[in-house]
Every structure is written in C-alpha cells, then in structure tokens.
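Here's the structure, in structure tokens; my notes come after.
The values are calculated or read from the model by the stated rules, or taken from the named source; none is laboratory data. Keep in mind the model is a prediction, meaning the values are calculated, not measured. No Cβ is skipped: glycine too gets one built from the backbone with ideal geometry, and neighbour counts run over all protein chains shown. The accessibility values were calculated without ligands, DNA or RNA, using every heavy atom of the protein model including side chains. Shrake-Rupley method; radii C 1.70, N 1.55, O 1.52, S 1.80 Å.
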Amino acid sequence: METNTVTTDREQKNFLEQIIENDLQSGKVSAIQTRFPPEPNGYLHIGHAKSICINFGLAKKYGGKTNLRFDDTNPVKEDTEYVDSIKEDIHWLGFDWAGEYYASDYFEQLYSWACELIKKGLAYVDDQTLEQIRENRGTVQTPGKNSPYRDRSIEDNLRLFKEMREGKYKDGEKTLRAKIDMAHPNMNMRDPIMYRIIHASHHRTGDKWCIYPMYDYAHGESDSIEKVTHSICTLEFDIHRPLYDWFIKSLEIYPSHQYEFARLNITNTVMSKRKLLQLVKEGYVAGWDDPRMPTICGFRRRGYTPESIRRFCEDIGVAKRDNLIDYSRLENSLRDDLNKRANRVMAVLHPIKLIIDNYPTNQTEELEAVNNPEDESKGKRKITFSNTLYIEQDDFMENAPKKYFRMTIGQEVRLRYAYIVKCTSCEKDEQGNVTTVHCEYDPLTRGGDTPDGRKIKGTIHWVDANNCIDAKVNIFDRLFLTEKPDEAEEGKTFLDNLNPNSLTVLEGCKLEKSLKDAKPLDKFQFERLGYFSVDYDSREDNLIFNRTATLKDSWTKQK
RNA sequence: UGUCCCAUGGUGUAAUGGUAACACAGCAGAUUUUGGUUCUGUCGUUUCAAGUUCGAGUCUUGAUGGGACAACCA
C-alpha cells in the first residue's frame, strides 16, 4: 500500500475514512466491503440517504464494494412493497450494489451456527414467558436473575431448539437465548434472545420457518458471511457492539467490525419510520411520496435531484456527535444544482392584469428570451408579447416604500426581455384589491435595453395574457412548526406540532406557452420565484407544478 | 443513581502534542435585464477545573451538559 500519497494529501478526512485508511495501510484488510442494510418495513428517508452515501461513497472512494442487504428477520412487519421501493430509491440516488442479499438467505446457516453455540454451552432454550424474561432481566441499575432453564443439558437444548423449528410450540412459548451474563452492566449482554417463535409467512421464505433470528444475532453474522470489513451503522447501535463481537468471536467466523456515526436530524421534520408511517396511515400527508415528506420518494416528487441530495450528504459531513441540520441546507444544495441546470421560464402565480395603453390592441410580437444565463448551450426561445399581460400581485404597490423597485404609479420598470414601461394607474374591485394595472411602454426599449443608457432598477416577469396556459401550483411549507417536532410539550405528541398550512394549492396560475408539454419531474426555474417541478398527477390539459424551493430572497428579508 | 457514547463560531465539519480552520448562515459592499447568480470584505470558536508537557482543542483525572441502553423491533 502506498502511503506517501496519503500523507501529502491535505484533504480533510472524516473518522471513518481515517479508520479505513489505517486498516488498508496496516494490512488489516486488503479491500473494503460495506453494506447498506435496510429493513423492508418502510420507505427510505433522507437519513437513509446519508447512510447510503456513506456506505457506497466509502467503498467507491477506496475501491471496495457495497452490498444491498435486506434485514428481513421480522416477517410481521416486512413486505415486498418496501423491498421494491428501497431498490428504486437507491438507484435513483445514483448507486448500484455489488450483491443483493437478504438476511433470510442465511436462515439455514444461522440455524446451524445457533446449534453450534448450543453445543459450546453458549446458548439455551428458555421456557419463560415474555413477562418473566422482562422481569428477570433487571434494570439498567440492577442485575438480572438467571432463568431456571439456563442450565439445561446440551442434548435437551438441541432437541428443544429443533422442535421449535419444527413448529411444535406456539408463539412465545420458547426462545433461544445466548448464555452470557445476567448481571452484565450492558443490558444487551444479559442473555439476549437469539430466536423467537413467529408462526407467520415471510415475504421471501413463506412458511418454511416459524422461528426467526433477532437483529443482534442475524446482523453481525450476515456481515460475516458477506465478509463485510466495515459495518457502518448509527450511534444507537454502539451499545450492541459488544454483542456483535461476542457472537463473531464465539462462532469463530470472519471478524467484521462495526463502526457508528451520528444519524441525521433535520429541523422541522421527523425522521423515524414509525412516525412517518403514522403520518401516512392517519392521512396527515397524501402518501409516502407526498412532497412534504422527508422520504427519498417525497423529495423526488417535490423536484429534488439526486445530485442535490448527494451534495447535501457530503456537505453535512460525518461524525459522532449529535447534530441538527437546518432544512435550508437542503434548499441550498438544490439551488446550487438547479441554478446551473434548470431552464428559466416565466410564470405568474398570483396574476393581476397589466394593460399597456399605448400598445396596439391587436398586435403581437415575438421576443427572445435566454433559457439559462448560466449555460449558453441551452439556447434561446421565443415568447409572445401583447398589450395585455399578467404580472405578479406583489409586483405592484399603490403606496410603495422608496426601495421598492417594481411597479408603482409614476415609476419605470423593465418587463423582462420586453420593454421599459411606466405605470400610470390601477383599477380595484369592491374589496379594494388591485385587479388591473395600467402603464405605457417606451417603444425604443424593445428587448429591455435603454438606448439612452438610463438605469432601470427593477425588472419584473410577466406572461402574455393572450397566449398563456393555466396551471395548478402546489406551494409547500415546513411540515412541522417547531424545529424539533419530536420534543412535544407535556401531554402532546409530535402531531400537535404539525403545520396546518404546509400545503397551499394555487389555481389559475399563468404560465408561458412553452411549458405546455412539460412532463412529470421536469424542472424549471420560474424567474424570480423559485424552482418548480412537474407533479406526477400533471396532465397536458391540467398541468400541476410543485414548488421545490424558492430562490434566495433578500427583498422580503429587507422588508 | 449503573454502563457506554459525545462535547470546537449561529449551524455543521476539520486540525492525528507545535500558528484554531473550512463550508453554510449573518452583516457590508461590487456586479447584474431574475431583489437570483457571481465576486470582495467582515463578524464570530475549543464547556469548566486540575494535571502531564518546553508546548494541550488534542493526552490523564474530575466536574458539567447532551445522547443511547431495561421489544420475543431493527
């Protein structure tokens, strides 16, 4: 292994990279093998994306491999629906796995290893009930008590365990336990349960088994079978590591090692699968892929790109201390990506009419607009202009503050790519809302240039009222009102922190004609407004856009 | 009154006993046919105490604060 390239490298490395480089240099491992081990009992969320980027990213960086392994040891919670969605999401994120495995592939091996542990006197069949086991486990501060069945003979244990497998017992009647230490300060070491009886069909093995291994017994052994060198998981498993090591050592099998990092937390959202499932099941959101959900499919539907999510995961880094990342970091990554890639178009979300009184009534002309000022290769397009346009409600004010550079009576403003116009008057409805604004244009400023060189501070976007299309636009706000929704007040739950206004549907938005063929997941920057993506439910005659994120806005801040 | 993990600007993440740094956010300015982008400048950091050392963010001990652990979940 070359070491000189590494030492001269000034790049910052996280603790996992340091561990891996040490292991590679010392010869502890010759190549690295990682794995991403989801349980197929829910959809992947942004926290999983972090784990995916770490596991796949590390293997890629150091020339190793990553397996996808489904941790499917609990048939009552798992389903192929989740298997499929998980695979889709990983691919969409841009990763491909070396091997696709299932813990259930290893059930036979796991069973025979369990028999080996029995033969070594390191496991026993326990007849205690769930309640008795719980009671005798003790507490974190008091030692537990040995089970009365703890000293059964190896022969009895072997026979009983075989009978468990054969279906001779009902759910809960017996368990197989590792024989470690009921007084161990680490609760996980107090004779942890290795197998429980569950008479339920498994999504892959059907009714072949009625005993299923627990996570602690299955996970490390699966890692070992796959010769995983670095088994990377979140912090809450660090207390399981002694047990992880105990099984591997007792079985004398390939020594995989577990390393833990701090899970991702993001402001104003929840990240637990249980809570996400609850939001879906109880109808607080429209589904797993609701654009307000922190799921991968939710972000996808909202308009996020895989690149922006990967970039985000790199940005936030990896360490062992608890963290809470501001949601805006996600938006930053998105803007950074889409600024360079999304074509610009003009759209008016809250339309009011703008009538150019000195422009010929029946005239229409075509103007040229740049598709992406960051990327000349995206070319230009034609947009039409006439005497009646739509502009944004916010872009007109009757009594404007002095730093308001938009439309207000007597002030000149540029209509993007069109003309300089001067606002003359407005019309209101009975409630006093402005419905129509009048102005006059300067014919010498076609395209938006000022031949006399006068400076125009404001430029606003517009849509030709005589040549535009209607659309529905979903505006999303944070799903939760508080930064840490999990921390609910006394007697309340995270549900009480839900934002009742997290979704606003805008009807009758006006879009430039070029958008008529937009297909689901197409992404655009609506000039001055933000990034928008076409929703799955969008149809040619009923366009629906999702606002992915706004543009940075230093104006509303100034106000 | 247990065991384990963690503690660096507002938020994250580096610094491997030798000048505390980078990103984002904030603030100020420049540029701009998007109040976007881009560019420049700027603000601001080692939880506390003792110890080891020529020298400590880093090592030791203690304290404080935060987190994890008592599913036949993962």
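Pull up segment A:429-455, narrow it to residues that are open to solvent by 80 Å² or more (accessible area, probe 1.4 Å) and basic (Lys, Arg), then point me to the one that is nearest to A:Glu398 (Cα to Cα). The selected residue is A:Lys455. Contact map, segment A:309-338: first residue on the phi > 0 side of the Ramachandran plot, second residue within 10 Å of RNA strand B (Cβ to nearest atom) and among the polar types (S, T, N, Q), Cβ cut-off under 9 Å, separation 6 or more or different chains; pairs are A:Gly317/A:Gln12; A:Gly317/A:Asn14; A:Gly317/A:Asn323. Among the residues of segment A:145-175, those that are near RNA strand B (Cβ under 10 Å from one of its atoms) and crowded, with 20+ Cβ neighbours inside 10 Å comprise A:Lys174, A:Thr175. For the subset of segment A:356-369 comprising residues that are in a strand (DSSP E or B) and surrounded by 16 or more Cβ atoms within 10 Å (Cβ to Cβ), which member is nearest to the chain's Cα centre (by Cα)? Ranking the qualifying residues of segment A:356-369, first place goes to A:Ala369. Cβ separations smaller than 9 Å between residues 6+ apart or across chains give the following pairs from segment A:9-32 residues that are assigned to a loop (DSSP other than H, G, I, E, B) and among the polar types (S, T, N, Q) to residues that are at pLDDT 95 or above and open to solvent by 30 Å² or more (accessible area, probe 1.4 Å): A:Asn14/A:Ala319.
Per the conditions (1) part of a strand (DSSP E or B); (2) out of contact with any helix residue (DSSP H, G or I) (no Cβ under 8 Å at 6 or more places or on another chain); (3) within 16 Å of RNA strand B (Cβ to nearest atom), the sole criterion not satisfied by A:Lys557 is (1). Being part of a helix (DSSP H, G or I), in contact with an Asp or Glu (Cβ under 8 Å, 6 or more places away or on another chain) and either open to solvent by 10 Å² or more (accessible area, probe 1.4 Å) or within 21 Å of A:Gly530 (Cβ to Cβ) (or both) is the requirement here; does A:Glu314 meet it? No, not satisfied. Among the residues of segment A:318-333, which ones are of a type in the set (Val, Ile, Thr) and either open to solvent by 40 Å² or more (accessible area, probe 1.4 Å) or within 14 Å of A:Pro294 (Cβ to Cβ) (or both)? Scanning segment A:318-333 gives a single hit, A:Ile325. Taking the criterion of being within 7 Å of RNA strand B (Cβ to nearest atom) and either out of contact with any Pro (no Cβ under 9 Å at 6 or more places or on another chain) or under 21 Å from A:Lys77 (Cα atoms) (or both), the residues of segment A:177-197 that qualify are A:Met187, A:Ile193, A:Arg196, A:Ile197.
Just to be sure, is A:Lys523 open to solvent by 20 Å² or more (accessible area, probe 1.4 Å), within 16 Å of RNA strand B (Cβ to nearest atom) and more than 18 Å from A:Ile469 (Cβ to Cβ)? So A:Lys523 does not fit the description; no. Assessment of segment A:69-82 against the conditions (at pLDDT 95 or above, open to solvent by less than 30 Å² (accessible area, probe 1.4 Å) and either closer than 26 Å to A:Leu334 by Cβ or among the aliphatic types (A, V, I, L, M) (or both)) yields no matching residue. For beta carbons closer than 7 Å, sequence separation of 6+ or different chains, a first residue in segment A:433-452 that is farther than 20 Å from A:Asp357 by Cβ and a second that is at pLDDT 95 or above and hydroxyl-bearing (Ser, Thr, Tyr), the qualifying pairs are A:Gly447/A:Tyr417. Scan segment A:218-236 for residues that are within 10 Å of RNA strand B (Cβ to nearest atom), assigned to a helix (DSSP H, G or I) and within 15 Å of A:Arg69 (Cβ to Cβ) and the total you get is 3. Listed conditions (1) touching a Ser or Thr at 6+ places or on another chain (Cβ under 6 Å); (2) assigned to a helix (DSSP H, G or I); (3) of a type in the set (D, E, K, R) are all met by A:Lys353, apart from (2).
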